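Written below as structure tokens is the structure these notes are about.
FYI, it's all coordinate maths here, none of it is from the lab. This one's a predicted model, so the numbers in the text were calculated from it and none came from an experiment. As a convention, Cβ positions derive from the backbone with ideal geometry for all residues, glycine included, and neighbour counts pool all protein chains shown.
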Amino acid sequence: MTYLKEKSYNNFFSHIYIEKGIADNRKCREITDKFPNARIIYIGHYKDVFCGGNRNFAKEKKSPSLILAKKTDNFIYKGAKVCQDFGNDNFYYTSNIMNCYFDCEYCYLQGMYRSGNIVIFVNMEDIFSAVDEALEKHSVYLCISYDTDMLAMENITGFIKEWVEYARDKENLKIEIRTKSCNIKSIENIKACGNIVFAWTLSPESIIEKYEHLTGRFDKRREAVKKCCELGWKVRLCFDPMIYCKEFEKVYGEAIRRAFEDIDEKYIDGVSIGVFRISKEYMKIMKKQRKSTVTLFPYKNVNGVYCYGEETDKRMVGFAKNEVMKYIGKDKIFVWGEQ
Ligand code: SF4
């Protein structure tokens, strides 16, 4: 677990809650074997320790427990309107894992979940069956790392390896794995697969410093992207969500220039650009959880979605797009809201 030691709180995963019904599940045993010193507590249902009004997301986030559970419904969801589909039809996402090892101050998970604990659904085969069913009807674009950072969790779950093997021979399936992790070592031994794309959010160093706790630093992320390309994987560079700051042009201009410094365009499947946006409801909860310049910003409410406002959004996106176009063709650039 070296990647966890690098920048971790020592008290992560000292407790593992397991739904009684899955105690003998293969993946459940694989995961618990990795934490020989953890206290195991058997529970009836994951919601007993994940849901409920008295939970405190911020407090639990400081020393999260793992919850191993069985997913029983909603195996795949239709993509939400605040998410990019990158021109793909039939855009879905799935939550194999709920909650994230990292702790970004702008993360919508703070508004979505009451608990800071991390739920891992171990019954992969049921999720695969739901994807099989969808694939019988049409092609599928599936995001598997939305409500978590799956690469950061790979040493614990081995889920990426299983998703890759599942997807390898399915021509009408494309999978996106979004990440801010540098845990590239965990995928070094997996043979690259053409229908998987790793999408790295490349936040500028000052944004990482201020708002993203425990994530990989900018240079480390850049190295991870480069390594991923060398291993033969498709990558997407994401300047999304861009967080407003006074020196926006300087900060993001530098990040974009450095991102393309030693990553050859030919390896890049696409570039995603978008400003921070979030549902009004989530932000209301986030403000109670955490007082931060990102939660206290005077956002504009556009049809229930908080954003910086049309003028600022356009200025930020326009600037980023022009900068990115210095390095890559327009056809590979996806701007949120332009599709
Ligand atoms: S890496 Fe993504 S999912 Fe994880 S805390 Fe940050 S914004 Fe949330």
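Odds and ends about this structure:
- Per-peptide average of other Cβ atoms within 10 Å, ordering 27-40, 179-192 highest first: 179-192, 27-40
- DSSP bridge analysis restricted to the chain gives an antiparallel fraction near 20%, rounded to the nearest 5.
- For the chain, a simple Cβ point-charge model (Lys and Arg +1, Asp and Glu -1, everything else neutral) yields a dipole of about 1100 debye relative to the Cα centre.
- Taking 0.36 nm per residue of separation and subtracting the Cα-Cα distance, full extension of the segment from Lys47 to Thr72 would add 7.8 nm.
- One decimal place: the segment Lys59-Asn172 gains 36.4 nm when fully extended, by the rule 0.36 nm per residue minus the C-alpha distance.
- Approximate spin-label separation Asn303-Phe128, in nm, with each point projected 7 Å along Cα-to-Cβ: 3.9 nm
- Considering every alpha-carbon pair of the chain, the percent of pairs per 10 Å bin, from zero through the bin containing the longest distance, is 5, 25, 35, 26, 8, 0.
- The length gained on full extension between Lys314 and Lys326, counted as 0.36 nm times the residue separation minus their Cα-Cα distance, comes to 2.5 nm.
- Helical content of the chain, expressed as a calculated mean residue ellipticity at 222 nm, amounts to -9000 deg cm²/dmol (DSSP H runs of 4 or more residues, -39,500 (n - 2.57) each, divided by residue number, nearest 500).
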